[in-house]
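See structure below.
The values are calculated or read from the model by the stated rules, or taken from the named source; none is laboratory data. Computed from a predicted model, the values in this text were never measured in an experiment. Here Cβ is always computed from backbone atoms with ideal geometry, including for glycine, and neighbour counts include all displayed protein chains. Just so you know, the surface numbers come from the protein's heavy atoms only, side chains and all, with ligands and any DNA or RNA stripped out. Shrake-Rupley method; radii C 1.70, N 1.55, O 1.52, S 1.80 Å.
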Amino acid sequence: MAATAIFNLSLRLTLVSLVIVGAYLLGDAISPAVTLASRTASEPAPNEFDLLPSASTSDALRLLEEALESGNEFLVHYTAAYLAKRLDVPELSILLDTSSKFQHPHNSVARVILGIELAYRSPETLASLLKEGSSQLQDRLDTSTLFRYFSKSHPESAFDLARSLEEPHRGRAFQGIRTSENRRAEDLLSSYQHSQNEQRRQESYQIRRDSIVAAIKDGSYLQDPEIFHQEFVNALYRHGEEAFEIAQKIDSPEVRFKLLRTLLNQPWEPSSLKRQLDTIANYQIGESAFSPSARNSLYSNLLKNSEPELRPAILDWLETNLTRDQQNSFLPNSFNIATDSPLEFLNSPILQEAPPSVLKNRLMRSALAHLASEDLDTALDFLTQYSDTDQAENLLASLVVPAFQNTSLEVATTLYRELKTQTARQQAIDGLANTLGRANPVEFVQWASQNTNPQIFDTAIYNVAYHWANQNPEEAAAFAENLPASDAKRNLQINVGRKLSQYSPLAAIEYGLTLEDSHTHYAILNNAAFEWAKVDPKESAQFFVETLETPPSPNPNLPVEYYQIESQIASIFLNTAEAWSTFSPEDATRFFALTTNQMAVSSGFPTSFDKWVAEDESAALDFITKLDTSRYSDGALSSIASSISLITQYPEIAYKLAAEVSEPEHAEATRITIQNAVRIHQERQQQ
């Protein structure tokens, strides 16, 4: 806070004081500033200051004490600055030490002024004073502020002095240098602290290394091999080759082998690269050796974790020392190098000479896409070497998205129009849907409408439907309305309904009811029912039992469509029953038992009844044994009889309900279903 008292952060500091102290900190520029300021303020009597050249430090101490007692902040600063320039080093040292007994708040700034002058004129005297001075000085001198301003104009001297101090003054001085905004002082401090940290790391490493070596020598590592393994890795993993030599001395083959595998997973020193690779390829302890997959994993991790400039050398080693089959088996582990060093990997014989395969194609697309994100021209130049037009076409398709992301949509469009095959164009469209389509669905759809055929355009709409509906469901709905009937239109409308149902299930239902396509219609109602049931399942159930009945088959020759709609309706009642019976299974069961909607009974009753049994078994059983079965259709009665709780706990009730099914074949089918379910349940219990 002393620094802020001197400089402009204190509201109480007068403008004149700022001129005085600022001029002092600038050194020889003090005289004109002091003269100018003293003419506009209450300056000390001239005869008092005229006595200083021949006066004792006691006179100086008296003057400073009188200034402090006056309460005039300007006078304190003026006096401290004047004394700092007039006293010699021994007198200044005594004044700084002795004046620290004064506890006046303005004295904090005065001590800093005196301390800066002493630091400039005799840093060793200030260092000695901070070490051997009075306890008041030790406690009250703001070392941090002192060094903050001292290092502004004298960075080397400030740093040398700070380094010579003892704690806690050294730490406070370093803190002041860090906030000095003097680049030279900050660099000196940073370099010093880095060397100190490095020295401490080396000392710590040596201690831990000696402990590891001792544990290996006396065999104590066997007391807890897992802890030893962790301590070894923590202490030595940055010293790869040395760690390897130390690990070789471990007697236990199991401990040694496990430890070596851990060490080989991290890069050693660059000078030890070849030895590390040779070790991965050939190391064996007794019967234990790295499996091919383990070796490939080690090679892959080494490539991934090594510095980029070392990766070409690793690839050259692999190409030289591995057989073609071994290189091929390495390829599945090489995706990280394909993305981290794409050009080196694309030019590597390991990839170039690999036989054609889906994996090779994926690796090349991945590497080329990453290369294009860095340098599109280089990626395009690489493609010119391919005589296989199909391969070149597929690879060119992988550049469309990087071209869009790193250049412009126009460049991406140019590349896209060079694609000849449907497969390649579809690949490019899929990539753009996941980039441009997510960021700006409207722009993507407009682009696709101008650059694709109807089939690919439908796929483009399908791919972007989810994100478009999320961002602007009203806009997506308006666009979908004008599309011809297709899976793309259906998917977009279903996504609109999904989004609407998240904040207004009724709005989604209203939207769904306006659509002619029955599949879309019921899919949207299903989504809305799921969301509505979370908020008010009873209201949702009441609405849908009054609205939805089993639809007649729209076309006897298309039974699949009928069953899809039936399944959607069943799902609506199932979701509603699930939500309602979570907190009130009895109410849900009674509701579904009494409704005349047989689809609601079939889907909602079994779910809610099972939960009622779990909550209040006696009441639930009493209810079902008194159930009026005459009110239910054969399908609904069959579903009730097939309730999980009845099959697993009360099969006799299930068989009794099945017998109430009026149509004989349906009744027999229900009985067989129950019988099989009971048998499976009993078999599982026996296991």
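Just one of (1) over 21 Å from ASN107 (Cβ atoms); (2) of a type in the set (Gly, Ala, Ser); (3) open to solvent by less than 20 Å² (accessible area, probe 1.4 Å) fails for SER157. It is (3). Restricting ALA619, ALA636 to residues that are aliphatic (A, V, I, L, M), surrounded by fewer than 20 Cβ atoms within 10 Å (Cβ to Cβ) and part of a helix (DSSP H, G or I) narrows the list to ALA619.
Could you list, in sequence order, all residues of the range 381-401 that are open to solvent by less than 50 Å² (accessible area, probe 1.4 Å) and more than 20 Å from GLN426 (Cα to Cα)? Before the answer, list the steps.
Taking the range 381-401 as the starting set, the residues that turn out to be open to solvent by less than 50 Å² (accessible area, probe 1.4 Å) are 382-383, 391-401.
Scanning the range 381-401 gives a single hit, PHE382.
Considering the conditions (1) open to solvent by 20 Å² or more (accessible area, probe 1.4 Å); (2) within 35 Å of the chain's Cα centre (by Cα); (3) under 29 Å from ALA379 (Cβ atoms), SER293 is excluded by exactly one of them, (3).
I want to confirm something. Restricting to the range 570-579 and keeping residues that are touching a Ser or Thr at 6+ places or on another chain (Cβ under 7 Å) and either open to solvent by less than 20 Å² (accessible area, probe 1.4 Å) or aromatic (Phe, Trp, Tyr) (or both), which single residue is nearest to ASP622 (Cα to Cα)?
Pass one, the range 570-579, residues touching a Ser or Thr at 6+ places or on another chain (Cβ under 7 Å): 570, 573-574, 576-578.
Imposing the further condition that a residue be either open to solvent by less than 20 Å² (accessible area, probe 1.4 Å) or aromatic (Phe, Trp, Tyr) (or both) reduces the set to 573, 576-577.
Working: PHE573: 24, THR576: 24, ALA577: 20 Å.
Here the answer is ALA577.
Sub-7 Å Cβ pairs linking a first residue in the range 148-168 that is in a helix (DSSP H, G or I) to a second residue that is β-branched (Val, Ile, Thr) and open to solvent by less than 10 Å² (accessible area, probe 1.4 Å), at least 6 apart or interchain, are SER151/ILE177; ALA158/ILE177; PHE159/ILE177; ALA162/ILE177, ordered by first then second residue. Take the range 169-213 and flag every residue that is among the charged types (D, E, K, R), within 30 Å of ARG121 (Cβ to Cβ), in a helix (DSSP H, G or I) and touching a residue at least 12 places away in the same chain (Cβ under 8 Å). Result: ARG172, ARG184. Does any residue of the range 583-594 turn out to be open to solvent by less than 10 Å² (accessible area, probe 1.4 Å), within 27 Å of ALA533 (Cβ to Cβ) and among the aromatic types (Phe, Trp, Tyr)? Yes, the range 583-594 contains a residue that is open to solvent by less than 10 Å² (accessible area, probe 1.4 Å), within 27 Å of ALA533 (Cβ to Cβ) and among the aromatic types (Phe, Trp, Tyr).
Is one or more of the residues making up the range 269-287 in contact with an Asp or Glu (Cβ under 6 Å, 6 or more places away or on another chain) and assigned to a helix (DSSP H, G or I)? So far as the range 269-287 goes, yes, one or more of its residues are in contact with an Asp or Glu (Cβ under 6 Å, 6 or more places away or on another chain) and assigned to a helix (DSSP H, G or I).
I need a count of the residues in the range 658-673 that are more than 56 Å from the chain's Cα centre (by Cα) and either under 20 Å from TRP612 (Cα atoms) or touching a residue at least 24 places away in the same chain (Cβ under 8 Å) (or both). Number of matching residues: 6. Please determine whether any residue of the range 678-687 is under 55 Å from the mean Cα position of the chain (by Cα), surrounded by 12 or more Cβ atoms within 10 Å (Cβ to Cβ) and in contact (Cβ under 8 Å) with a residue 24 or more places away in the chain. Yes; the residues of the range 678-687 include at least one that is under 55 Å from the mean Cα position of the chain (by Cα), surrounded by 12 or more Cβ atoms within 10 Å (Cβ to Cβ) and in contact (Cβ under 8 Å) with a residue 24 or more places away in the chain. Answer yes if at least one residue in the range 353-374 is without any contact (Cβ under 8 Å) to a residue 24 or more places away in the chain, closer than 20 Å to LEU302 by Cα, open to solvent by 50 Å² or more (accessible area, probe 1.4 Å) and part of a loop (DSSP other than H, G, I, E, B), and no otherwise. Among the residues of the range 353-374, not one is without any contact (Cβ under 8 Å) to a residue 24 or more places away in the chain, closer than 20 Å to LEU302 by Cα, open to solvent by 50 Å² or more (accessible area, probe 1.4 Å) and part of a loop (DSSP other than H, G, I, E, B), which makes the answer no. If you go through the range 159-170 and keep only what is touching a Leu at 6+ places or on another chain (Cβ under 9 Å) and under 12 Å from SER144 (Cα atoms), you end up with ALA162, HIS169. For the range 375-420, name all the residues that are touching a helix residue (DSSP H, G or I) at 6+ places or on another chain (Cβ under 7 Å) and either in a loop (DSSP other than H, G, I, E, B) or of a type in the set (Ser, Thr, Tyr) (or both). Those that are touching a helix residue (DSSP H, G or I) at 6+ places or on another chain (Cβ under 7 Å) and either in a loop (DSSP other than H, G, I, E, B) or of a type in the set (Ser, Thr, Tyr) (or both): THR378, TYR386, SER398, LEU399, THR407, THR413, TYR416, GLU418, LEU419, LYS420. When each of SER272, SER220, SER252 is tested for being more than 35 Å from the chain's Cα centre (by Cα) and surrounded by 14 or more Cβ atoms within 10 Å (Cβ to Cβ), the lone residue that passes is SER252. Residue check: THR98 meets all listed conditions (1) more than 24 Å from GLU69 (Cβ to Cβ); (2) surrounded by fewer than 20 Cβ atoms within 10 Å (Cβ to Cβ); (3) in contact (Cβ under 8 Å) with a residue 40 or more places away in the chain but one, namely (1).
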